[in-house]
Amino acid sequence: MMQAAIQKNSLMKQPLVVSLKGGASGAEALIYMKSGAGDPHKFLIAYSLIYMLPLSAKIPFNWRELTPVSVIALDQFVLWDNTTLPHKTVKEFIAAAKNANPPFKMGGTGSKREDHVLTVFLEKRTGAKFAYLPYKSGGEAATQLVGNHTQSKRQQSFGEPGSLARRPGARAVCVRQGAHQYKTKVTDTQSWNDIPTCKDEGVDVQYLMLRAMFLPARWRPTRPRSTSTCSASSRRRRNTRTTWRKQALKPVFLTGSDMLKFLEEDDALNKSLMTEAGFVAQ
């Protein structure tokens, strides 16, 4: 998305190439950035992986070793179930999960990551138990849900590959934070306005995942500001705003001390969730 906005509007003279480094659950990308100190030709679009992976896999990485540029958006998390199931509200869903034997299957992407952590968080806050099933992709997890092979699924923004948005058989039960400023249809019968927040339904499990830009370490003071300006310009473009709306991303733009304050607080929250879930490697 950013590549398209930057190139279409000539915000940079140099070509921008997206390099996907997903090896070792994302560790390859983090080490790649860490080893690029002083390199003026790379940047990282980061999410909660920067907090979670060093804790669960004990890789030698800390986001403070990079140069923070800007937080550009926040991801919503949605709890989905299958439309053939009788429960239609969060309370009904939790009650059914508590009485289920065997436990409801909760599909997600990755182990000891956001979906898994929030599943454990939901268990601890409600007393329900789930059998968490990590899949290789959002598409695979979505297919399992609409096929009624799993009873529920966690998913971040609808831009995730294999999004459940508009898939027959999927129902959005609640969203971690409100996205009611968007009128976009989520399913054939639901828009964002129709999805209650989990907190409003009595399940206080709130979480937003950052989308942030980082440069390698040892940058001159003026460089991050110029990169931040490019980031700010790209997110103001019409096609970017359209993507924000389609994916129901929460628009945020933080730089400097505001970004650092956010990162420190978000780091502490994720560490607390990982610790409570028992996912911190010893």
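Across the stretch 256-282, what is the number of residues that are of a type outside the set (Phe, Trp, Tyr) and part of a loop (DSSP other than H, G, I, E, B)? Quick ask: steps written out before the conclusion?
Taking the stretch 256-282 as the starting set, the residues that turn out to be of a type outside the set (Phe, Trp, Tyr) are 256-261, 263-278, 280-282.
Imposing the further condition that a residue be part of a loop (DSSP other than H, G, I, E, B) reduces the set to 278, 280-282.
Qualifying residue count, the stretch 256-282: 4.
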Worksheet item: Scanning the stretch 156-174 for residues that are part of a loop (DSSP other than H, G, I, E, B) and small (Gly, Ala, Ser), which turns out modelled with the lowest pLDDT?
Response: GLY162
Discussion item. Residue pairs, Cβ under 6 Å, 6 or more apart or interchain, first in the stretch 15-41 and in contact (Cβ under 8 Å) with a residue 12 or more places away in the chain, second open to solvent by 80 Å² or more (accessible area, probe 1.4 Å). List them.
Written reply: ALA37/ARG218; GLY38/ARG218
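For the stretch 175-191, check the following and say yes or no: at least one residue is at pLDDT 85 or above, open to solvent by 10 Å² or more (accessible area, probe 1.4 Å), under 21 Å from LYS88 (Cβ atoms) and among the basic types (Lys, Arg). Reasoning before the result, please.
Of all residues in the stretch 175-191, those at pLDDT 85 or above come to none.
Checked the stretch 175-191: no residue is at pLDDT 85 or above, open to solvent by 10 Å² or more (accessible area, probe 1.4 Å), under 21 Å from LYS88 (Cβ atoms) and among the basic types (Lys, Arg).
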Response to the item:
Considering residues that are modelled with pLDDT of 85 or more and open to solvent by 10 Å² or more (accessible area, probe 1.4 Å), the number found within the stretch 203-230 is 3
Discussion item. Any residue at all in the stretch 111-122 that's farther than 30 Å from PHE214 by Cβ, charged (D, E, K, R), touching a residue at least 24 places away in the same chain (Cβ under 8 Å) and buried (at least 21 other Cβ atoms within 10 Å of the Cβ)?
Written reply: no
Worksheet item: Out of the stretch 30-58, which residues are open to solvent by 20 Å² or more (accessible area, probe 1.4 Å), closer than 24 Å to GLY278 by Cβ and not small (Gly, Ala, Ser)?
Response: TYR47, PRO54, LEU55, LYS58
Discussion item. Within the stretch 123-148, take every residue that is more than 16 Å from the chain's Cα centre (by Cα) and basic (Lys, Arg) and give me the one that is surrounded by the most Cβ atoms within 10 Å (Cβ to Cβ).
Written reply: LYS129
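The values are calculated or read from the model by the stated rules, or taken from the named source; none is laboratory data. Nothing here was measured: the structure is a model prediction, and the numbers come from that model. Reconstructed Cβ throughout: ideal geometry from the backbone, glycine too, with neighbour counts over all protein chains shown. Ligands, DNA and RNA are excluded from the accessible area calculation, which covers all protein heavy atoms including side chains. Shrake-Rupley method; radii C 1.70, N 1.55, O 1.52, S 1.80 Å.
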